[in-house]
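Worksheet: one structure, shown below.
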Amino acid sequence: MKAIGMLAAAALALAAPAASAAPRQGSLDTYTSKGVSGYQFVVSCLSAKLCVLGGYNGKGVGDIVPVRNGTPQAAVTFKGTSAVYGVSCPNPSGCVALARTSNDVGAVFAAIGKSGKVTKSAKVSLPPLVSLQHLSCTRLTSCEVVGLDDTGFARYAIEVGSWNGKKLTLHKTKVYKGDVTVTDIACIGTSCDVAGYILGSNSKDTGFDLTVSHGSIGKLHTAADDALYGISCVSASRCYADGFSTGPSGEGLVVTANNGTIGSPHSVSGDLAGIACAGSSCTAVGSAGSTEGEIGGVSSGVPGTPDVFPGIGPVNGVAVIGGMFFAIGSSGPGSHLPSELTYGNAF
């Protein structure tokens, strides 16, 4: 999953095969995996009993899948969309989902109630060549979104915006050279961190953390040879991010970002694609090779030995709530369903 966008990475991962059934290393002894229809790659939870998955179905239409007590329910599709790029559930009262229109000229925001059902949706127009890809909400009426403005000739501006449930306000950053990929956003209160990477001409990535406060864009902090994919914030000043190195080690990594400044990476086997934290304890997910899912614990920014799951494919998204983790990725053998939900006790 290196040097490609998140949606492409998700589709690639969901198409990968797998083999066997039980974790072969690490500390996670018990887990439950269930097949899910469609190609789901994002997850957020209202409670330990109710989560929401997002992605797209076999016909290329955006959808969400409620998960009750660990059991996936019937999918809800969003006509006129190509994929649900993000879902954020700030509290037990509901969630907000972000989808891309099928003609690539707008976005759809959907409100999800405390029962896990869609209560309303709104289509918003976007400027030409602007795409929104991720969101993080601190309230149902206070979400930050992020995406890209493709100015052409491998030049991009990072597009950051605010959604209040009725209106979208955009704030473009300066234009950057190179292929920019925005991978995630995480917010605490009015402070947010945007993660991603810029692909250089030598095929080595420069990871970045862009701070956002009260809707105003802050400084872009960078880390050479580190591609950042997932980020989770535990306070207004501290976040944990994961991804992989494009340097000599070629391993997965976890970093601590203090006020956006990226610390030295801690290496871990495999490639990491998502992280979710409860305090200083986090669960990170990704892949070991191209066919095996990987889930592991992170304590105060330091990863432990991950569990490798030959029975599931690469894992793209994770949520932690109520002492449980819920991870979504590709399905292993023996299932006709493309996606796989795996959950268990958080690390």
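The values are calculated or read from the model by the stated rules, or taken from the named source; none is laboratory data. These figures come from a predicted structure and were not determined experimentally. Don't worry about glycine lacking a Cβ; one is built from the backbone with ideal geometry, like all the others, and counts go over all protein chains shown.
Data overview
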item: Unmet requirement for Lys177, which otherwise passes all of (1) without any contact (Cβ under 8 Å) to a residue 40 or more places away in the chain; (2) closer than 21 Å to Asp63 by Cβ; (3) touching a Lys or Arg at 6+ places or on another chain (Cβ under 8 Å); result: (2)
item: Residue within region 260-267 that is touching a residue at least 24 places away in the same chain (Cβ under 8 Å), buried (at least 24 other Cβ atoms within 10 Å of the Cβ) and outside any strand (DSSP E or B) present; result: yes
item: Inter-residue pairs, beta-carbon under 7 Å, first within 14 Å of Ala110 (Cα to Cα) and in region 136-165, second surrounded by 22 or more Cβ atoms within 10 Å (Cβ to Cβ) and among the acidic types (Asp, Glu), 6+ apart; result: Ser136/Glu144
item: Ala97 touching a residue at least 24 places away in the same chain (Cβ under 8 Å) and crowded, with 23+ Cβ neighbours inside 10 Å; result: yes
item: Exclusive hit being surrounded by fewer than 24 Cβ atoms within 10 Å (Cβ to Cβ) and touching a strand residue (DSSP E or B) at 6+ places or on another chain (Cβ under 9 Å), set Gly243, Gly250, Gly230, Gly293; result: Gly250
item: Selection within region 186-210 - part of a loop (DSSP other than H, G, I, E, B), polar (S, T, N, Q) and at negative phi; result: Thr190, Ser201, Asn202
item: Meets criteria (modelled with pLDDT of 95 or more and over 23 Å from Ser235 (Cβ atoms)) for Leu132; result: yes
item: Scope region 149-163; condition under 17 Å from Leu210 (Cα atoms) and buried (at least 21 other Cβ atoms within 10 Å of the Cβ); matching residues; result: Tyr156, Ile158, Glu159, Val160, Gly161
item: Verdict on Val145 being crowded, with 16+ Cβ neighbours inside 10 Å and over 21 Å from Ser216 (Cβ atoms); result: no
item: Matching residues in region 236-259 - criterion: being touching a residue at least 12 places away in the same chain (Cβ under 8 Å) and under 19 Å from Gly289 (Cα atoms); result: Asp242, Gly243, Phe244, Ser245, Thr246, Gly247, Ser249, Glu251, Gly252, Leu253, Val254
item: Every residue from region 268-279 that is touching a residue at least 40 places away in the same chain (Cβ under 8 Å) and either touching a helix residue (DSSP H, G or I) at 6+ places or on another chain (Cβ under 9 Å) or not in a loop (DSSP other than H, G, I, E, B) (or both); result: Asp271, Leu272, Ala273, Gly274, Ile275, Ala276, Cys277, Ala278
item: Flag if Val320 is out of contact with any Leu (no Cβ under 6 Å at 6 or more places or on another chain), closer than 30 Å to Asn258 by Cβ and hydrophobic (A, V, I, L, M, F, W, C); result: yes
item: Strands (runs of 3 or more DSSP E) (entirely within region 15-93) containing at least 1 residues that are closer than 18 Å to Gly293 by Cβ, modelled with pLDDT under 95 and not acidic (Asp, Glu); result: 32-36
item: Selection within region 311-345 - farther than 17 Å from Ala273 by Cα and either aromatic (Phe, Trp, Tyr) or in a loop (DSSP other than H, G, I, E, B) (or both); result: Gly311, Gly322, Gly323, Gly332, Pro333, Gly334, Ser335, His336, Leu337, Pro338
item: Filter pass, Lys120 being among the basic types (Lys, Arg) and either more than 21 Å from Cys137 (Cβ to Cβ) or not in a strand (DSSP E or B) (or both); result: no
item: Failed condition for Thr183, given (1) part of a strand (DSSP E or B); (2) polar (S, T, N, Q); (3) surrounded by fewer than 24 Cβ atoms within 10 Å (Cβ to Cβ); result: (3)
item: From the options Asp242, Asp307, residue that is of a type in the set (Asp, Glu) and modelled with pLDDT of 95 or more; result: Asp242
